[in-house]
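A.B. asks: So that we are looking at the same thing, I have put the structure below in structure tokens.
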There are 2 protein chains.
Amino acid sequence: MNKGIKLTRLIPILDWGRHYDSGKFADDTLAAIVVAIMLVPQAMAYALVAGLPAETGLYASIFGLSAYAFFGTSNTLSVGPVAVISLMTAAALGNLSLSGNAEYLAAALTLTFLSGAFLMVLGFLRLGFMANFLSHPVISAFITAAAIIIGVSQLQHLLGISASGQNLIELMISLSQAISESNFFTLGLGIGAIILLVWSKTGLRTLLLVFGIEERLAKTISRSGPILVALITGLLAFQFRLDQVGVQLLGDVPQGLPGLKLPNFSPEMVNNLVGSAVLISIIGFVESISVGQTLAARRRERIDLDQELVGLGAANIATSFAGGFPVSGGFSRSIVNFEAGAATPAAGLFTALLIAIVAVFLTPVLFWLPEVSLAAIIMVAIYPLIDFSVLRKSWQYSKADFAAVSITLVLTLLVGVEIGIGAGVLASILIHLYKTSQPHVAVVGRVAGTEHFRNIKRHKVETFDNLLSIRIDESLYFANTRYLEELVFKLVAEKPKLEHVILMCTAVNKIDLSALESLEKINETLGSINIKLHLSEVKGPIMDKLATTSFFKSLTGNNYLSHNQAVEDLKDSGKPLSRL
Amino acid sequence: MNKGIKLTRLIPILDWGRHYDSGKFADDTLAAIVVAIMLVPQAMAYALVAGLPAETGLYASIFGLSAYAFFGTSNTLSVGPVAVISLMTAAALGNLSLSGNAEYLAAALTLTFLSGAFLMVLGFLRLGFMANFLSHPVISAFITAAAIIIGVSQLQHLLGISASGQNLIELMISLSQAISESNFFTLGLGIGAIILLVWSKTGLRTLLLVFGIEERLAKTISRSGPILVALITGLLAFQFRLDQVGVQLLGDVPQGLPGLKLPNFSPEMVNNLVGSAVLISIIGFVESISVGQTLAARRRERIDLDQELVGLGAANIATSFAGGFPVSGGFSRSIVNFEAGAATPAAGLFTALLIAIVAVFLTPVLFWLPEVSLAAIIMVAIYPLIDFSVLRKSWQYSKADFAAVSITLVLTLLVGVEIGIGAGVLASILIHLYKTSQPHVAVVGRVAGTEHFRNIKRHKVETFDNLLSIRIDESLYFANTRYLEELVFKLVAEKPKLEHVILMCTAVNKIDLSALESLEKINETLGSINIKLHLSEVKGPIMDKLATTSFFKSLTGNNYLSHNQAVEDLKDSGKPLSRL
């Protein structure tokens, strides 16, 4: 490998940029327009979810998309503010006692920078596997719970009141205390906006098709619901001066691009936020690659997981110096980008350009945008994320998975996002260890007239009083070695005429040092009561490893390639038993 | 099961007590005498390691042994103060800011009670499997490091100075600061004691055999080194008034049995100690069952792990109300008990009785026992625990195990016991997850003329351009599903003419919900580019589980009992490739 290849791996734009042509340019431009129309209102809405001014959503989109375009490997991933990460940002910052907006923003930048730096480090150290510790069902449960919290938190804007809380209980109490101050103009506007948004997703498309509009265009227009809602409610607010009847408007949004902003790097702030940053990075990364990988596979393309860490890390670091907040690959936007035909990461760069144009030229009109419209956009956008089917599915398939799912769901809803996802990860790891700590082990006997061995509890098989054949259906490692020891000693105590124990290792894929020491202990202890230990059908890679130790030298019995051979060799001195 | 059986399971003495006879009584009495002679000086010595007065070691032995005799299931386990647990007790209490001996003792009782209660709860909930999360190599490394810390901490008594510290660095600094005040009478006495102890273990036995003493008796006498040392040094101190030349004596030891003592149950104290209590319980339990199980198996007896939790829990709770400190099954004492012929847990009861006699009648003579003698006894007793071979062994066998071992060893020595063992447990779990998150997966082809499939990288095999056969050598669960997805999509992207992917599941022992969702995702994604997914050789238990879901309905391909059948079925439309 020469340096050139390494550099194009680290900065993929050097590779695909060289082959860029006008066909791709046309595809990317169309996709960029479609995504930008969707992203502008969403980005501002998620900024409010994060507890930040609306313009920070635009900045996060511009810089997140641009940086990712240079370093990312997915042609279709659309990076920017996303719902769950914005909620986690609010939760992380809400834990701190911050006074004033400037301090809050500085802390958000610190969080963003730390997330970016953590992702970068994972990428350079090729530690992307850490994302694997989040199981699918736990993430589903977490996203469902987070979406519910976001939805409920938006009720305040829908009612035109002020409420706060990090979990469902706090939010409910806070909402119920202020509900008497609800503003009916705001509520009416919000309900109207929701109806329009839902209709544009379904009815509008059917209508357009009826009017003979081409399918793909109809689909694209039906996705412009959010921008339509923003335009219509903004016009209404301007025309009827809705601010005078209590409808909260977005107000002044600074015009132009952000100047260089500096995160707060005080050791105390870094210390307070580093845990949240790790959680945000991992959740964001998992969500990103999940959609990125699926979309890539649909075109027989590939994404490089370690380089994706670098790409997302760069996106967050760039955002942290431009007054934004943590970004990640958005699920629905990426699908839109994909379906609109994005051919390269340049589509993201063009989206960034369009949003920059909005930030530079169009912010004055944003003054009239009612906050409740953004709340309506959020509520409709996150609704599809709420999916309780994982509860039913896990209940049916595996009670262990159900336990992890319920813990995540309940704790996220009732305590908060960080405790919820943390407990979910811990629960799934502990449950996995528990399950593999009690491996499936069967005493086997030979099916008469064959060389096949089957569980004596399920089949009619021949056994011998001086032989014990045990098949282990799991890799042997520290969490299950004691179980094996206990089982062997128990079975041995039950068979007074026993002379040979044969461990059948067909399904043993690994033996770690703990397990090796256990085997040595079993061998030695059985040896002290004149019982020989044998192994059979050990896999090649394990044989290679065991051969580096003195295990086979101290083994009282033999190592057989075939279990049948072992039984043939050892049965002579014993009496056949018809049934154990 | 009727209530009677349950009760004898919970209180095993009701079972074995009924069959007790004079033969067993003779065996148990002999073993009790041998163990008591060994235990009296050790118990007092370990009390000093725990930072407590010498008599607490006697109380812990009396009550620990008695309670275990009622509830324990091992015939030979000798419960009482042990070195590592005593050190952990000192570390736990050293973390608190306690003023005065009474407060320190009350905290020790709280710690003991919490350990006992935790063990009991684990026993009743049948959660003994938690002990499995401690891997053998991590425990070996931890015990080696703990023994070194104990040994170094005893140097202060050997030199007749005062030093303190929770790790090697603190101890070294503290010792070096006080070394100029060393007392040479103390040092001389200590070195003499060590020489006598070492000689009694080796030379004395040979000498006795030369003098025609029977082998077993010689072995027993050679184990009385500690009591000999205590007698000789005590007599020297009394005769020559060694306290007047600066030799520290044990001084007044209260005579009689302890009254009822109450642990400190303040919420703050409980909160401070509960973490340490959990660590102490688990380490103590693991050490206990490790020796208990081996000794039981050597007589074809069994111990009941969940009931052992109850037995050890009862021992600690009893001790906590009698002014003791955490106890556990001692390794070397249990072997002595076993070899001396203990037949039932009554041997422990008799040992307790003998120690009670010492506490009631003999404490006045303990006044003259030099502390340095106890230090010498500790140093010689813990020396065999120091075993660095695990470093070499793990380095040779598996770098991953070596990493966990080194982390445990280094952190225990340099930071402290609790951080050390905590980091060791965490490291072994993470390393295990990491290893299984990158399972061994092979693209396989058919060995020409056979029905065997082998790795295409290792063997000359036939493959087809429209088929991809992947053998997975690991159970599928959340930590490795993403790896599988990535691999499949990568391989698919490389084969333009691909029509079928067949996953060969011979070594897949489990599929959790995450993995099921991954398979569904792979199936759906491949479906969208007209590639069919097939499974082959799925194991029975997994088939049963998958059958409860809609997986097979949505599977684009088939489920084959034999991989060869799958290839025969699907290869027709493809062209054979000589070599991929």
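A.B. asks: Give the nm distances, rounded to one decimal, from B:LEU260 to the matching residue in every other copy, measuring between label points 7 Å along Cα toward the beta carbon; shortest first.
C.D. replies: In nanometres, ordered from closest: 7.4.
A.B. asks: Apply the a/c threshold of 1.5 to the C-alpha gyration tensor of the range B:103-156 and tell me whether it is rounded, prolate or oblate.
C.D. replies: In terms of gyration-tensor shape, oblate.
A.B. asks: If I compute solvent accessible area with a 1.4 Å probe over the protein chains, what percent of it on the range B:262-319 is carbon and sulfur?
C.D. replies: 56 percent
A.B. asks: Cut-off 17 Å, label point 7 angstrom out along Cα-to-Cβ of A:ALA403: give me the residues of the range A:120-164 whose amide nitrogen falls inside.
C.D. replies: Taking a point 7 Å out along Cα→Cβ of A:ALA403, the residues of the range A:120-164 whose backbone N falls under 17 Å are A:135, A:137-138.
A.B. asks: Cut-off under 26 Å on the C-alpha distance; same-chain residues fewer than 8 positions from B:LYS571 excluded. Which lysines are left, in chain and number order?
C.D. replies: Candidates past the 8-residue exclusion: B:LYS457, B:LYS460, B:LYS490, B:LYS495, B:LYS497, B:LYS521, B:LYS532, B:LYS539, B:LYS553.
A.B. asks: Can you list residues whose amide H is under 5 Å from A:ILE502's amide H, if they're 5+ apart or on another chain and H is modeled 1.01 Å from N?
C.D. replies: A:LEU468, A:SER469, A:ILE470, A:HIS534
A.B. asks: Now, a different point. Cα centroids of the range B:17-48 and the range A:508-539: how far apart, whole angstrom?
C.D. replies: 33 Å
A.B. asks: For B:ILE169 and A:ILE169, what is the calculated FRET efficiency with R₀ set at 41 Å and r taken between the beta-carbons, to the nearest 0.05?
C.D. replies: 0.30
A.B. asks: Going through the DSSP H helices of chain B, which span 24 Å or more along their own axis at the Cα atoms while scoring at least -1.0 as a mean Kyte-Doolittle hydropathy?
C.D. replies: B:22-49, B:54-71, B:101-124, B:136-159, B:184-201, B:267-298, B:417-437, B:478-494
A.B. asks: If you don't mind, another one. So for each of A:422-429, B:477-484, A:433-440 I average, over its residues, the number of other beta carbons within 10 Å; can you give me the resulting order with the highest mean first?
C.D. replies: So the peptides A:422-429, B:477-484, A:433-440, ranked by packing, come out B:477-484, A:422-429, A:433-440.
A.B. asks: Another question, then. If you filter the range A:207-251 for chymotrypsin sites (Phe, Trp or Tyr not before Pro), then keep DSSP loop positions with at most 13 other Cβ within 10 Å, what is left?
C.D. replies: In loop regions of the range A:207-251 (DSSP not H, G, I, E or B), the sparsely surrounded chymotrypsin sites (Phe, Trp or Tyr not before Pro) are A:PHE211.
A.B. asks: Please work out the Cα center distance from the range A:96-168 to the range B:402-476, rounded to the nearest Å.
C.D. replies: The two parts, judged by their Cα centres, are 33 Å apart.
A.B. asks: In Å, what is the Rg of the alpha-carbon atoms in the range A:323-432, and how long is Dmax?
C.D. replies: 19.7, 56
A.B. asks: Where in the range B:492-534 are there trypsin sites (Lys or Arg not before Pro) that are in a DSSP coil and have at most 13 other Cβ atoms within 10 angstrom of their Cβ?
C.D. replies: For trypsin sites (Lys or Arg not before Pro) across the range B:492-534 that sit outside H, G, I, E and B with at most 13 neighbouring Cβ atoms in 10 Å, the list reads B:LYS497.
A.B. asks: While we're looking at this one, here's another question. Assuming R0 = 35 Å, what is the FRET efficiency of B:LEU260 and A:GLU524, from their Cβ-Cβ distance, to the nearest 0.05?
C.D. replies: E between B:LEU260 and A:GLU524, to the nearest 0.05, is 0.20.
A.B. asks: Something else about it: So if the hydrodynamic radius of the range B:71-110 is defined as the Kirkwood radius over C-alpha pairs, what does Stokes-Einstein give as its diffusion coefficient at 25 °C and 0.890 mPa s, in µm² per second?
C.D. replies: For these conditions, the coefficient is 204 µm²/s.
A.B. asks: In nm to one decimal, list the spacings between the B:VAL121 label point and its equivalents in the other copies, with label points set 7 Å along Cα to Cβ, shortest first.
C.D. replies: Listed shortest first, these distances are 3.4 nm.
A.B. asks: Need one word for the range B:413-463: rounded, prolate or oblate. Basis is the Cα gyration tensor (sqrt eigenvalues a ≥ b ≥ c); a/c below 1.5 gives rounded, then a/b vs b/c decides.
C.D. replies: Prolate.
A.B. asks: Kindly provide the pair-distance distribution of the range B:473-580 built from C-alpha pairs, with 10 Å bins from 0 and whole-percent values in order of increasing distance.
C.D. replies: Percent of pairs per bin, in order: 14, 48, 33, 5, 0.
A.B. asks: For the range A:23-135, go through all pairs of different Cα atoms, get the mean of 1/r, take its inverse, and jot down that Kirkwood value in Å.
C.D. replies: So the Kirkwood estimate lands at 15.7 Å.
A.B. asks: Non-local amide H neighbours of B:LEU369 (under 5 Å, H modeled in plane, Pro and chain starts lacking H): which ones?
C.D. replies: Here the answer is B:LEU250, B:GLY251, since their amide H atoms fall under 5 Å of that of B:LEU369.
A.B. asks: Where does the Debye-calculated log10 I(q)/I(0) of the range B:95-239 sit at q = 0.09, 0.19, 0.22 Å⁻¹, using only Cα point scatterers of equal weight, no solvent?
C.D. replies: -0.53, -1.17, -1.23
A.B. asks: Between copies, how close do the A:ASP15 label points come, placed 7 Å along Cα→Cβ, listed in nm from shortest?
C.D. replies: Distances to the matching label points in the other copies: 6.5 nm.
A.B. asks: Taking chain B as the region of interest, what is the percent of Cα-Cα pairs per 10 angstrom bin, listed from the shortest bin to the one with the maximum distance?
C.D. replies: In order of increasing distance, the bins hold 3, 15, 21, 19, 13, 10, 9, 6, 2, 0, 0 percent.
A.B. asks: Given the range A:341-494, report the % of alpha carbon pairs whose separation exceeds 29 Å.
C.D. replies: 57 percent
A.B. asks: Suppose all protein chains stay in the model; what accessible area per residue would a 1.4 Å probe give for the protein assembly as shown, in Å²?
C.D. replies: 41 Å²
A.B. asks: Count, for each residue of A:128-134, the Cβ atoms from other chains sitting within 10 Å of its Cβ, then give me the mean as a whole number.
C.D. replies: For peptide A:128-134, the averaged partner shielding equals 6.
A.B. asks: If you don't mind, there's one more thing I want to ask. Compute, for chain A, the length of the dipole vector about the Cα centre, with Cβ point charges of +1 (Lys, Arg) and -1 (Asp, Glu) only. Units Debye, rounded to 20.
C.D. replies: 1340 debye
A.B. asks: List the trypsin sites (Lys or Arg not before Pro) within the range B:190-264 that DSSP assigns to loop and that have no more than 13 neighbouring Cβ atoms inside 10 Å.
C.D. replies: Taking the range B:190-264 and a limit of 13 other Cβ atoms within 10 Å, the loop trypsin sites (Lys or Arg not before Pro) found are B:ARG241.
A.B. asks: Expressed in nm to one decimal, what extension gain is obtained for the pair A:ARG241 and A:ILE213 from 0.36 nm per residue of sequence separation less their Cα-Cα distance?
C.D. replies: My answer for the length gained is 6.5 nm.
A.B. asks: Is the range B:405-561 rounded, prolate or oblate when judged by the Cα gyration tensor, a ≥ b ≥ c being the square roots of its eigenvalues, rounded requiring a/c under 1.5 and prolate requiring a/b larger than b/c?
C.D. replies: Judged from the Cα gyration tensor, the range B:405-561 comes out prolate (a/c at least 1.5, a/b above b/c).
A.B. asks: How big is the Cα convex hull of the range A:373-456 in projection, averaged over all directions, in nm²?
C.D. replies: 8.8 nm²
A.B. asks: Using DSSP, restrict attention to beta bridges with both residues in the protein assembly as shown and report what percent are antiparallel, rounded to the nearest 5.
C.D. replies: For the protein assembly as shown, the DSSP antiparallel bridge percentage is about 50.
A.B. asks: Next up: Can you figure out the FRET efficiency of A:MET543 with B:ALA493, using R₀ = 30 Å and their beta-carbon distance, to the nearest 0.05?
C.D. replies: The formula returns an efficiency of 0.30 here.
A.B. asks: Amide H to amide H under 5 Å from B:PHE464: which residues, 5+ apart in sequence or cross-chain, H placed 1.01 Å off N in plane?
C.D. replies: Answer set, sorted by chain and number: B:LEU577.
A.B. asks: Straight-line reach only, C-alpha to C-alpha below 14 angstrom: list the aspartates and glutamates that A:LYS219 could link to, leaving out same-chain residues fewer than 8 apart.
C.D. replies: Cα-Cα hits under 14 Å: A:GLU339.
A.B. asks: With unit charges on the beta carbon (Lys/Arg positive, Asp/Glu negative), name the residue among A:LEU52, A:LEU98, B:HIS534 whose Cα is farthest towards the positive pole of the charge dipole of the protein assembly as shown.
C.D. replies: After comparing all options, I get B:HIS534.
A.B. asks: Still on this structure: Report the label-to-label distance for A:SER554 and B:VAL360 in nanometres (one decimal), using points 7 Å from each Cα along the Cα→Cβ vector.
C.D. replies: 4.6 nm
A.B. asks: Could you tell me, in Å, what Rg and Dmax come out for the Cα atoms of the range A:193-245?
C.D. replies: Every Cα atom of the range A:193-245 included, Rg and Dmax give 13.5, 43 Å.
A.B. asks: Please compute the length gained on full extension between B:GLU568 and B:GLN438, using 0.36 nm multiplied by the number of residues separating them and subtracting their Cα-Cα distance.
C.D. replies: Residue separation times 0.36 nm, minus the Cα-Cα distance, leaves 43.8 nm.
A.B. asks: Provide a whole-number value for the mean count of partner chain Cβ atoms within 10 Å of the Cβ atoms in peptide B:512-522.
C.D. replies: Taking the mean over all residues of the peptide, I get 6.
A.B. asks: Largest first and in whole Å, give the semi-axes of the protein assembly as shown's equivalent ellipsoid, each being the square root of 5 times a Cα gyration tensor eigenvalue.
C.D. replies: 63, 40, 26
A.B. asks: Going highest first, how would you order B:78-91, A:541-554 by mean Cβ packing within 10 Å?
C.D. replies: B:78-91, A:541-554
The values are calculated or read from the model by the stated rules, or taken from the named source; none is laboratory data. Treat the numbers as computed from the prediction; the structure is a model and nothing was measured. Cβ sites come from the backbone with ideal geometry, for glycine too, and all protein chains shown count toward neighbours. With ligands, DNA and RNA removed, areas are computed over all heavy atoms of the protein, side chains included. Shrake-Rupley method; radii C 1.70, N 1.55, O 1.52, S 1.80 Å.
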